[in-house]
1. In the chain, carbon and sulfur make up what percent of the accessible area (probe 1.4 Å)?
2. Grab the DSSP H runs of the chain that are 4 residues or longer, score each as -39,500 (n - 2.57), total them, divide by all residues and round the 222 nm result to the nearest 500 deg cm²/dmol.
3. Name the residue farthest towards the positive end of the dipole of the chain from the options P229, Q266, L152, assuming +1 on Cβ of Lys and Arg, -1 on Cβ of Asp and Glu, about the Cα centre.
4. Please state the equivalent ellipsoid semi-axes for the range 29-135: what are the square roots of 5 times the Cα gyration tensor eigenvalues, largest first, in whole Å?
5. Give me the dipole magnitude in Debye, nearest 20, for the chain about the Cα centre, with unit charges on the beta carbon: positive for Lys and Arg, negative for Asp and Glu.
6. Report, in degrees rounded to the nearest 10, the 0 to 90 angle that the Cα long axis of helix 156-170 makes with the longest principal axis of the chain.
7. How big is the equivalent ellipsoid of the range 15-86 along its three axes, where each semi-axis is √(5λ) from the Cα gyration tensor, reported in whole Å from largest to smallest?
8. What is the Cα coordinate range of the range 206-252 on the first, second and third principal axes, sorted by size from largest, in whole angstrom?
Amino acid sequence: MKTIPDALFGIIGYPVSHSISPAMQNAAFKYCKLNYLYLTVAAKPEDLQNVIASMRPLNIRGLNVTIPHKIEVIKYIDVLDPAAKKIGAVNTIVNENGALKGYNTDFGGFVRLLEHNRIAPAKHRFALLGAGGSAHAIALAICTLGGRLTVLARQEEKAKDLASKMCLRFNGKAQGLELNDTNLEEVLAETDIIVNCTPVGMGNLAGQSLVPARFLRPDLTVIDAIYNPCKTRLLKEAENKGAKIINGLEMLVWQGAMSFEIWTSQKAPFRVMMKEAELALDENEK
Ligand code: NAP
């Protein structure tokens, strides 16, 4: 076993210590007999440009990008994959001999989560909470597949901006509103599926929920992009009301598998990655 890796990868975010991507990606490299190493890179917004630029001199082959950098990072990328350009957010970077290319695998990860749970978006009305990087990918997935969408964000202009981008592309099937209880109550009365794309429910916001429990019903499906904890307060309260609940783990593993394939040009060992992700979560919850 060589001690010096042949290539370095990582995940950049803030906070990022909760991430189980290192466990999942390192297990995939090991399974595929690749002498690669995947690390965690905690970078505040003010350090983002320098950290991304350091991929070239440090010869970092690839990075995943997570909260809160997925939109801002586009400024520092040399070439954007057409899908990432359409989404307006990047979660995967490849360093091709000094040229940084940006991709988005959250879109594909969310589509696989819908397929696996037999959700056909064209039949449903979605309420998306948040208008950040993952919300951009998820909004595009919902609208591409024909779903009706309301984006609710604490900054009204961000919700309206994301919704209007979707309207331009998909004939007005999206609206954007400020995230407050009055709007939530009105929108959720006409909603089949809630998707939380904010960090509320994890890290220092664990135990909090953006949706008052009184708005939840048994006929709702509630998806939380958060996977750690595996049941956020929103999911627990939805489950107590008899709603169907889905956490972000499947989406995470699918997006990670797609990133692996972009970096290595090899088929990702999905089951190995899922098993390792579950083990890492169990470990975190101890
Ligand atoms: P992001 O780009 O930073 O966007 C976060 C969004 O949440 C923004 O709209 C932000 O509003 C909003 N927000 C933050 N704190 C809030 C609060 N206290 N109350 C209301 N809204 C708040 O982050 P992201 O990359 O989209 O990630 C969002 C969440 O999804 C994270 O928990 C992340 O772990 C999860 N995620 C999971 C997967 C997966 O594969 N399962 C993939 C991607 C993301 P402002 O713009 O006003 O700050």
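1. Numbers: 6950 of 13640 Å².
So the carbon and sulfur contribution to the accessible surface is 51 percent.
2. Working: 10 runs with 109 residues, N = 286.
Computed mean residue ellipticity for the chain: -11500 deg cm²/dmol.
3. Q266
4. Details: eigenvalues 153, 65, 32 Å².
Working through the eigenvalues yields semi-axes of 28, 18, 13 Å.
5. It comes to approximately 560 debye.
6. That helix lies at roughly 90 degrees to the long axis.
7. Values: eigenvalues 97, 46, 36 Å².
Values for the range 15-86, descending: 22, 15, 13 Å.
8. Projected onto the principal axes, the Cα atoms of the range 206-252 cover 28, 20, 13 Å.
The values are calculated or read from the model by the stated rules, or taken from the named source; none is laboratory data. It should be emphasised that the depicted structure is a prediction, and the values quoted were computed from it without experimental measurement. Neighbour counts are summed over all protein chains in view; Cβ atoms, including those assigned to glycine, are modelled from backbone coordinates with ideal geometry. Each accessible area value is taken on the protein alone, full model and side chains, heavy atoms only, with ligands, DNA and RNA left out. Shrake-Rupley method; radii C 1.70, N 1.55, O 1.52, S 1.80 Å.
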